[in-house]
1. Label the chain by shape, choosing from rounded, prolate and oblate, from the square roots a ≥ b ≥ c of the eigenvalues of the Cα gyration tensor; if a/c is under 1.5 it is rounded, and otherwise prolate applies when a/b is larger than b/c, oblate when it is not.
2. Which whole-number percentage describes the relative contact order of the chain, with Cα contacts under 8 Å and a sequence gap of 6 or more?
3. Using the Kirkwood radius built from alpha carbon pairs, what does the Stokes-Einstein equation give as D for segment 262-363 at 4 °C and 1.567 mPa s, in µm² per second?
4. How big is the dipole moment of segment 303-390 about its Cα centre under a simple scheme where the beta carbon of each Lys and Arg is +1, that of each Asp and Glu is -1, and everything else is neutral? Debye, nearest 20, please.
5. Give the residue list of trypsin sites (Lys or Arg not before Pro) in segment 366-470 that are DSSP loop and have at most 16 other beta-carbon atoms within 10 angstrom.
6. Restricting things to alpha carbons, tell me how big segment 69-205 is in terms of Rg and Dmax, in Å.
7. With a 10 Å Cβ neighbour count serving as the proxy for reagent exposure, in which order, fewest first, do 71, 276 appear?
8. Rg and Dmax of segment 303-390 over Cα atoms: what are they, in angstrom?
Amino acid sequence: MSERATANRVLFMNTVAFTVCFAVWTMYGVLITFLVDHRYLVIDKAQIGWLIGIPILTGSIMRLPVGLLTDRYGGKPVYLSVMVFAALSLFVTSQVSSFAGFMVAGLLFGMSGASFAVGIAYSSMFFPKERQGTALGIFGMGNAGSAVTTLAAPTMLKNFTDGGQNIEGWRTLPMVYGIALLVMAALFALFTVNRKVEAAAQKTMGQMLAPLKDVRVWRFGLYYFLVFGAFVALAQWLVPYYLNVYGMSLAMAGLLASVFSLPSGVIRALGGWASDKFGARSTMYWVLSGCALLCFLLVAPRMDIRSPGEGIMADRAGKVVSVRRDEVVVASPDEKAYALTTEVPIDPKKMEEGNLVWPTFRSWQEPAVVAGQEVKKKELVARGVTHVYFQANVWVFTVLVFLVGILMGIGKAAVYKHIPEYFPKEVGVVGGIVGVIGGLGGFFCPILFGYLLKLTGLWTSCWLFLGLLSIVCLVWMHLVILRMTRGMTSAR
């Protein structure tokens, strides 16, 4: 078989294996939401964030050692070890019942997330530099595994538990995932060949970790914290988000969450192609700018607010003669009529879910005095009322979230396009640490989202955080580019 055919076969198997591993890695987003919704687990929003994030923690911190092992021993044995360990851990998961038990089980099967570091290093070994962006973008399509979980897991849980009547049936889900991983491991063993970085075998651990002294690695890590870590977090957080904000069923919440995660995973291949054609730096400019704009558009929460508005004050002292909804008359000594703006109700049909796109603002006045009352100059005759109603239209919300997912998918490929260019002989270790930082975003973001929700009471607080993070990344990147440009100009 030709070298190119071998490379394509390995890339295909890597991508499919990563899809299965990613589906496993994000399983808690649906499973924990289901168990909390059915009162099997009685925990608060912050604890939900911890459980959703805990598998992401293991998958994140293990990416660096797994990346080092891949460089030294090759991708095939390391990938197989990761899948088998995660599969056995899923059978452990099926036996737990308490919050602590779910925490420990999540730490174990979270190893599946380390498959990313293996696949990145393993795939890059088979492709030349000019094709690595596209190849790694195709591999990254395995992120769509999160959409597989959000689409399929709610239906499976419904069937396994007889619609919630037999709640203990949830234990079948992790067992099904475990079997899928073992089958994938068997296919991987049959259809892949091993390859490793020969130079890595002669390096000491200190030499292999030397690239971590480069600030560039940590900058790439921050980008990945946003485009990958936040993606992983949102792929799971959007399920309870739709449940609570829009009153969706678990199945519908999973379907709408997949509108975010599925295209984001698939579009990563386009991100690799765009990075090869236009450059990773230019691609990241578009990604970070777009994420900042869209996240800030998503910040406004659903609201139904009555606030003090513009009132009417007496322009002279006198006695109130009459009070109506649309007029207050004051004698002083001549009669003075103060016209009041009356409330115009919103059409009930417009207030039905999905009919309003923009916020509606209404203002009117209500009498603040009664007939016979003496009023002084500048005393309030009618108080103003302003009503703000924003439906946060679910379809508009879903479209904006879809666009965020697309940008994150492109950005994930663009970040990893940088690594073989700047660190061609340390793809495993650099890809590992960037993956660690990005994966930690997947761990910390759900926890942070949970605490922000607990603190503010607003589900949209997560978008404010992500918008600010996008701006930080954009500013840092731009400052570095300006410094590099000035250095090149000085050198001339």
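1. Taking the square roots of the gyration eigenvalues as a ≥ b ≥ c, the chain is prolate.
2. Dividing the mean separation by the residue count of the chain yields 25 percent.
3. D = 65 µm²/s.
4. The dipole of segment 303-390 has a size of about 280 debye.
5. Answer by residue number: 376, 377, 378, 425.
6. Rg, Dmax (Cα atoms, Å): 17.8, 59.
7. By the 10 Å Cβ count, ascending: 276, 71.
8. 16.2, 54
The numbers here are math on the coordinates, done by the rules we state, and not lab data. Note that the coordinates shown come from a computational prediction; the quantities given were computed from them, not determined experimentally. A quick note on method: Cβ atoms are made from the backbone with ideal geometry, for glycine too, and the neighbour counts reach across all protein chains shown.
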